[in-house]
Amino acid sequence: MYKRGCRFLLFAITLIISTNLHSQNNGKPNIILIYTDDLGYGDVSAYGTAAIKTPNIDRLAKNGVRFTNAHATSATCTPSRFSLLTGKYAWRKQGTGIAPGDASLIIPLTTTTLPGMLQKGGYHTAVIGKWHLGLGDAKGADWNGKIAPGPLEIGFNYSFLIPATGDRVPCVFVENHQVVNLDKNDPIKVSYKEPIDPSAPTGKKNPALLKLHPSHGHDMTIVNGISRIGYMTGGNAALWKDEDFADILVQKATTYITQQKSKPFFLYFSTHDIHVPRIANERFVGKSGMGARGDVLLQLDWTVGQIEAVLKKNGLLENTMIIFTSDNGQVIDDGYKDEAVEKLGKHQPNGIFRGGKYSAFEAGTRVPFIVSWPAKVKPGKVNDALFSQIDLYASLAQVAGVTKEEGQAQDSKNALSSLMNQSTKSREFLVEQSLNSTLSLLVGNWKYIEPSKGPKINKDTNTELGNSLEPQLYNLADDPGETKNLASVYPERVNEMKAQLDKIKQN
Ligand code: NG6
Ligand code: CA
């Protein structure tokens, strides 16, 4: 009798707690956007052309839906992130190209951003990881004081940042408004013009000091034995160790997720991997047999497993929507001699596509895209719908029960039914942006690349950029590798698509 009573009490308590949790969330799922860096379409084994196993990422796909025709908006980081967070194509706004490490915040404070919109839907919001959207006002960030405006001023409740990229100074973490571990007696100075202390060693002058050598660029201030883009002095106690990136970001995400008890949360988890410099933690060094790029790929896979594990531990996995994707396509040599080229072997980071990061060809923006939401999305599905990350804003607005405001997120369309694999409806059209802002238009199976004076090849990275003085037209159904330019065969279609792109540009 006593035992039965106890059991009933336990049952009642569990019921109260879970009902309570449910009502606090109003049934809304938590949302985690795992935004990886420079991960190619074929880099994860779920996509079929990888010579490496990524079991944790594959499990996400197995438990959810894997998209085959999903795109970042741009073939580089800053514009992709700008578009993702604002729902507005970055090429509509000047100053949204790859941001220097001392750029001021490029998202206007008047914008209702993706996290800002989710806050209106009752979400607690956080960004952990790479930012690369600038910090501070027109004068730039005050690295030694309050760093603002930044994520907290445009819709995030919490932020822990790699301010720009791993290969750019300042090489310090920024938590909310402050550099982490800054000693006020050792102030940070940053310059992207000239050395601050001409006697300080640089990658160019002092290669003997380096543990990783640049292949192009990246020859300025040395931090942790790696020369970077830009100059900095000071902040010694705050300098990061690249080997710890993944562990620290996972630790911050774990703490954040574990603390979110009262509200649904949105975590924009923006990994450093697999961007350069590729410095894996010693646990992963040499494990891929593919050099540093393969090792950080394993580290990225581990990261995804850790995020899933902490959700599981907190009973949150069922009602958390995890979106896994990349900010642009793959690149092999992006500026350091890390043996990525020599040890690539049979690995096909592009899948069957042409180009890569920076390129107007498909591999510039067509990236892995996986959605897992056990409570609502059936497992093990593949969806071939044409999907753009620009649509996450409007789609997640529906998830949060928020109405998109007039004038905000002008390019974002609600594609939630595709995201949840309840339909295979494609976007009517999609715009891709390359490094030099050559635009391409995708409609159905057709792709039009506008004429461009840009170079054909990025010689440093050995990437075909897809630029041509002539218009290009490809049928991606017959020719996904963009090998046959059909512009002269279908001049009318070229004209139509050019006119459509011109109209989209004017919107
Ligand atoms: C380029 C860098 C490259 C990388 C890229 C930004 C040189 C020579 N190359 O300018 O290494 O940092 O910018 O990458 O400096 S992204 O993924 O953040 O867009
Ligand atoms: Ca990137």
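Just one residue in the set 200, 208 is touching a residue at least 12 places away in the same chain (Cβ under 8 Å), over 30 Å from residue 33 (Cα atoms) and outside the structural domain of residue 81 (by TED's automatic domain parsing); that residue is 200. From the list 36, 14, 19, 54, which residue is modelled with pLDDT of 95 or more and either away from ligand 2 (no atom under 16 Å from the Cβ) or among the acidic types (Asp, Glu) (or both)? Testing whether each residue is modelled with pLDDT of 95 or more and either away from ligand 2 (no atom under 16 Å from the Cβ) or among the acidic types (Asp, Glu) (or both) leaves just 54. Among the residues of segment 217-250, count how many are in the same structural domain as residue 129 (by TED's automatic domain parsing) and basic (Lys, Arg). Looking only at that region, the number is 1. If the condition is being crowded, with 20+ Cβ neighbours inside 10 Å and either of a type in the set (Asp, Glu) or closer than 13 Å to residue 497 by Cα (or both), then segment 418-438 contributes 430, 431, 432. Note on segment 192-227: residues that are within 16 Å of ligand 2 (Cβ to nearest atom) and surrounded by 20 or more Cβ atoms within 10 Å (Cβ to Cβ) total 1. Note on segment 35-133: enclosed helices (runs of 4 or more DSSP H) holding 1 or more residues that are under 29 Å from residue 436 (Cα atoms), within 17 Å of the chain's Cα centre (by Cα) and within 16 Å of ligand 1 (Cβ to nearest atom) are 77-86. Taking the stated definitions as given, is residue 335 within 29 Å of residue 279 (Cβ to Cβ) and either surrounded by 18 or more Cβ atoms within 10 Å (Cβ to Cβ) or without any contact (Cβ under 8 Å) to a residue 12 or more places away in the chain (or both)? When the stated conditions are applied, residue 335 passes them.
Take the residues of segment 322-370 that are aliphatic (A, V, I, L, M) and assigned to a loop (DSSP other than H, G, I, E, B): which is nearest to ligand 2 (Cβ to nearest atom)? The extreme case among them is 331.
A count restricted to segment 157-197 and to residues that are over 10 Å from residue 143 (Cα atoms), in contact (Cβ under 8 Å) with a residue 60 or more places away in the chain and part of a strand (DSSP E or B) stands at 5. Here segment 288-321 is the region considered, the condition is being farther than 25 Å from residue 227 by Cα and among the charged types (D, E, K, R), and the residue that is nearest to ligand 2 (Cβ to nearest atom) is 301.
A single member of 242, 247 is charged (D, E, K, R) and either surrounded by fewer than 19 Cβ atoms within 10 Å (Cβ to Cβ) or under 22 Å from residue 84 (Cα atoms) (or both), and it is 247.
Residues in segment 369-379 that are touching a helix residue (DSSP H, G or I) at 6+ places or on another chain (Cβ under 6 Å) and either at pLDDT below 95 or of a type outside the set (S, T, N, Q) (or both): 370, 371.
When segment 228-254 is filtered for residues that are of a type in the set (S, T, N, Q) and in contact with a strand residue (DSSP E or B) (Cβ under 6 Å, 6 or more places away or on another chain), only 233 remains.
The single condition from (1) part of a loop (DSSP other than H, G, I, E, B); (2) crowded, with 18+ Cβ neighbours inside 10 Å; (3) within 16 Å of ligand 1 (Cβ to nearest atom); (4) over 19 Å from the mean Cα position of the chain (by Cα) that residue 279 fails is (4).
Within the set 254, 271, the sole residue that is more than 16 Å from ligand 2 (Cβ to nearest atom), outside the structural domain of residue 204 (by TED's automatic domain parsing) and at negative phi turns out to be 254.
Applying the condition of being part of a loop (DSSP other than H, G, I, E, B) and touching a residue at least 12 places away in the same chain (Cβ under 8 Å) to segment 145-156 and asking which residue is farthest from ligand 2 (Cβ to nearest atom) yields 146.
The values are calculated or read from the model by the stated rules, or taken from the named source; none is laboratory data. Predicted model, so just to flag it, every value in this text is computed and none were measured. Methodologically, a virtual Cβ is constructed for each residue, glycine included, from the backbone with ideal geometry; neighbour enumeration extends over all protein chains shown.
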